[in-house]
Each structure stands twice: as structure tokens, then as C-alpha cells.
Amino acid sequence: MQGVQLAGLLAETPPGVGEALDAVAGFDAALTDGLARLGPKHTEALNALAGAVGASPLGPAVADASAGLGTGSIGVAELTALAGARAALLGSVHDALLDRLDGALGRTRPTWEEASAGEEPVPADLLAGGRSWLQELAIAGWRGVDDGLVSAADQALESLWAEPRLRRLAVLLDGLAAELRASCPVATMERIPERRWADLWTRAVLLSHSGSWTGGTAAVSGRLLPLGVDVHEHGTLVQAQLHAVLEPAGEGPVRLVRVAVAAAKVDTILGPAVWKLLEAYPTLLAALAEHRSVDVDGMSLTSGGDLLWDEERATAGNPADPFATARVRLSDAQAPAVPPLDRHPVRVAEPVLVEGYKAARDGTFDLNGETLAVDLDRLPPSGPLTPQLVGASTACIGLLRWDAGRWTLQPLAVQGAVKKQPVEAHNGDWAQGPTDPKVVKAQARSGDAVAVLTERAGRLLRK
């Protein structure tokens, strides 16, 4: 049914999206060259940014900031206003896209509610160090970043890491500094990732004022029904993010939730071997590999829909077919509210069941004449799902995303037929080890990298 519903969504983009993204791109270009070196086109871009939010409460502050930059005033107040305007424009694009998606699917979603202030405020001096470094970055621009400027973040990071409540900002600044350090000198780069670095800078500026933008948590109990898992692999980290339906034990709506577990890794651990790094979560891995439900008891759920996984509060349940869950429960499950800092088009990743399509050879699905691009590059090497299986599919559970001006589908699981035989594949099928004999043999030949590294680490610790 959702194939028919999504056809209307694909037909057109909400009005104003292109103009908002153009205003953001203009600011990003100015940030790349440095706000201390504004040319005529950059001044025009800042005025366009101010004009885009002129009718909002941010309008006066952003107009003053834009005018101030033209006279050489590049203070924290001006940069904060510009970061707020940029975030607001991307947030408006996110909201327009999500409203269209929810309308097409008939999906309900509550509004975001901030948690009441219940803890001591973070010392202002801890946040000031991070703001100062972000100010230096904006003045120099990405093209002006060198080793000295990157190293200037070290002192601020040391203070931030020491305060648990600022761990979110510390991780963000540490990651941005690491990317910049690896790219130095940035001026010699063939292509600068303007949008990505501006996104990180904007988020960091806003966090450096509040310290945290979080909602509350509530204890929930009920039955967790997996839909599909999105595996994120990095050279030093692996994360498995499960999208699922939560049926409450008592009264309350059926909800869409996410569960994320992660582990550190090295870049030699690849493919199916990454699952061994997550062996601390046996109940969750069994649910993925065996297609089972999980009974949760008093587990914390954030306002943004993240179920904070606790193995001690999870019990393996009965077999639960993800496609049956999607067909029966996905249409009436309540989607989570979106936290303020997550209101960005790139963060749109909504679970959907797509049927009634024709898979084309170019990696797209034909939905009643409308074309839905399928993001085959996101298929993880840790599972059995391949482009060939996606091309032979007749039903797909996936994440609907919006990128580069169009909707795309990231497959998490497919049903189809290969050589007239029914086939089903899920990203999490190998969570307890690969089931494909060829992959098992390949792993046996290459050796168990996780076991070898664990043994070596134990030997070093014993010394």
C-alpha cells in the first residue's frame, strides 16, 4: 500500500525548499573563505540569510549580525545569531519534508517538549573555551585552517571532557578537530566539504551556549518488534541502529523507536566480523538474527524515540517476522518527536514498507510511474543484503531519506524471488555469525581478526 502513498510524495518538493537551501549554501561559502574576508558575493549571501529569517523572532539579531560582519565585528553574539539562522532554515526544510512524509503515510507525531530544568547550570567558563575556538574557525574560514589553529582546540577539549554533562559537545568538537587535522592544510584540498563542516560548526556553536538540548526520558515496558537494522561502520567505530515498533504493556500508543548499540574497532575488522564487537548485547543480536521479539521491562525511552538499551531489562521473546510487523503495525505506529538540533534534512530517516513496485536495472523502484531512487551504497558488508537481491525484490523494508534534492530509499530487508525461489534477506541476519557457506569459508581462511586482537590486547595488559 505504501508504494501508492509514496508515489504522491515523490511527485513534487515542498515550496520554498530550494530557496532555503540556496541561502544556507551562500552562508557556507562565506564560512569556507572566512568571515574576516567577505567579498561582495559573501555580503550578498549574508543579507540573503538575514532576509530569509527576517519575519521570525531571529530577524533583528541576524540583521544586526550581518551588518556587523560588514564592518569587521565578528563576535560571539554575531556568530551565534548566524548559526541560529542557518539551523532555523535547515529546520524549516526538515519540517516541510517530514510533514509531507507523515501526510503521505498517515503517520502521527507529537510535538517536541523540552525537559524541565532540574540540574545545576554548566559553568560558563567551560563553554567559553569551545566558543572561542569556533569563533577563530569562522574568522579564518576553512581555507585558513592549519595545524596551529586545530591545536588551539586542545585546551578547550581538555576542559569539556572533564565535565560529563558536556560530553556531547566534547565529542563533536573532538571529531571536527580530527577531521580538520587530517585535512591540513585545508587550502590545498581539491574539494572542501562545505556543507558537512558548516553543519558541525553550527551544531557546536548552539551546543556551546546551552551545553545540552535534550528532552526527558520515561521508563517503558512492552514488546519490541524489530523492523530492520542500519549498520554504520567507521574505521574506529561500529554502530547497529535498530528501527522497531514498541507495543506498550499497558495503555498508550504503539510507537516507532530506535535502539543503538556501538563498539570501538580498528580498521582491520570489517564485514561480518564487526558483529563480534557487539557480543555484549546477546539478546539484541538474537532478536536480529533469529527474527524474534524482545520483552522490555522498565527500559528508558527518550523524548526523541531512542530506547536506551539495557540487556538486564530485555528478554528474548517469540518469533516475529519483520515484514508481518511492518504490514500490521507500521501504519498505526506513532512516530517520535524530533529534538531541535536534529531538525535537519539529512536526519530524515523514516522506516517504511514499500510494495507494489517494479525494480529497474538502474537501481530504482517504479511506483505507479514515479521513480524512487534506491541507495545501494548504504548496503553494509556485514549482512547478506546485496544489490542483486534488491533488484530481484518485490517488497522492501527501508529508511526513506531525503538527499541532494530527492527522496531515496535505503533497504534494510527485502523479499523477492531468485530463480523462481522465494528469498528473504535482512541486514541483521548475520548478527550471530554469517550463514552463507562461502562467507564462512572466507572468514576461516582470513582468520578471526577480533580473536587475534583480543588475545594480543590481553597479553599486553598482563605485561
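Between Asn318 and Asp297, how high is the FRET efficiency from 1/(1 + (r/R0)^6) when r is the Cβ-Cβ distance and R₀ = 25 Å? Nearest 0.05. Numbers along the way, then the final one.
Numbers: r = 16 Å, r/R0 = 0.64.
With a Förster radius of 25 Å, E is 0.95.
What the phi angles of the stretch 22-28 give under the Karplus curve with 6.51, -1.76 and 1.60, with θ = phi - 60°, is a coupling list of 5, 5, 5, 4, x, 5, 4 Hz, glycine and proline written as x. According to the square roots a ≥ b ≥ c of the eigenvalues of the Cα gyration tensor, what is the shape class of the stretch 217-332, taking rounded for a/c under 1.5, prolate for a/b larger than b/c otherwise, and oblate for the remainder? It comes out prolate by the Cα gyration axes. Taking each residue as 0.36 nm, the span from Asp332 to Glu190 lengthens on full extension beyond its C-alpha to C-alpha distance by 46.3 nm. Rounding to the nearest 10 and keeping the result within 0 to 90°, find how far the Cα-based axis of helix 167-183 lies from the longest principal axis of the chain. It works out to around 80 degrees. With contacts taken as Cα pairs under 8 Å at a separation of at least 6 residues, the chain carries a relative contact order of 15 percent. Against the chain, whose longest principal axis is taken from its Cα atoms, helix 194-210 shows a tilt of about 80°. In plain terms, the residue of Thr71, Thr435 with the fewest other Cβ atoms within 10 Å comes first and the most crowded comes last, giving Thr71, Thr435.
For the chain, the longest principal axis of the alpha carbon atoms and the long axis of helix 59-70 meet at an angle near 60°. Under the criterion of Cα pairs below 8 Å and six or more residues apart, the relative contact order for the stretch 217-332 equals 31 percent. When each of Phe27, Phe323 is scored by the number of other beta-carbon atoms lying within 10 Å, the sequence from fewest to most is Phe323, Phe27. Taking the fewest neighbouring Cβ atoms within 10 Å as the starting point, the ordered list for Ile397, Ile139, Ile74 is Ile139, Ile74, Ile397. Karplus-derived 3J(HN,Hα) values for the stretch 217-222, using 6.51 cos²θ - 1.76 cosθ + 1.60 with θ = phi - 60°, are 10, 9, 7, 10, 9, x Hz; glycine and proline are entered as x. A crude spin-label estimate for the pair Ala124 and Gln421, with each label 7 Å from Cα along the Cβ direction, gives 7.0 nm.
With a ≥ b ≥ c taken as the square roots of the eigenvalues of the C-alpha gyration tensor of the stretch 7-136, please select rounded if a/c is under 1.5 and otherwise prolate if a/b is larger than b/c or oblate if it is not? Verdict is oblate for the stretch 7-136.
Taking a ≥ b ≥ c as the square roots of the eigenvalues of the alpha carbon gyration tensor, the chain is prolate, as a/c is not under 1.5 and a/b beats b/c. Taking amide H as placed 1.01 Å from N in the peptide plane, Ile269 has no amide H partner under 5 Å among residues 5 or more places away or on another chain.
A full extension of the chain between Arg406 and His209 corresponds to an added length of 67.6 nm, given 0.36 nm per residue minus the alpha carbon distance.
If a paramagnetic tag sat 7 Å from the Cα of Gln388 along the Cα-Cβ line, which residues of the stretch 413-431 would have the backbone N under 16 Å from that point? Zone members listed by number: 416-426.
Pairs exceeding 22 Å between alpha-carbon atoms, taken from Lys358/Lys438; Lys276/Lys438; Lys276/Lys441: Lys358/Lys438.
We did not get these values from a lab; they are worked out from the coordinates using the rules stated. These numbers were taken from a predicted model, which means no experiment stands behind them. Cβ sites come from the backbone with ideal geometry, for glycine too, and all protein chains shown count toward neighbours.
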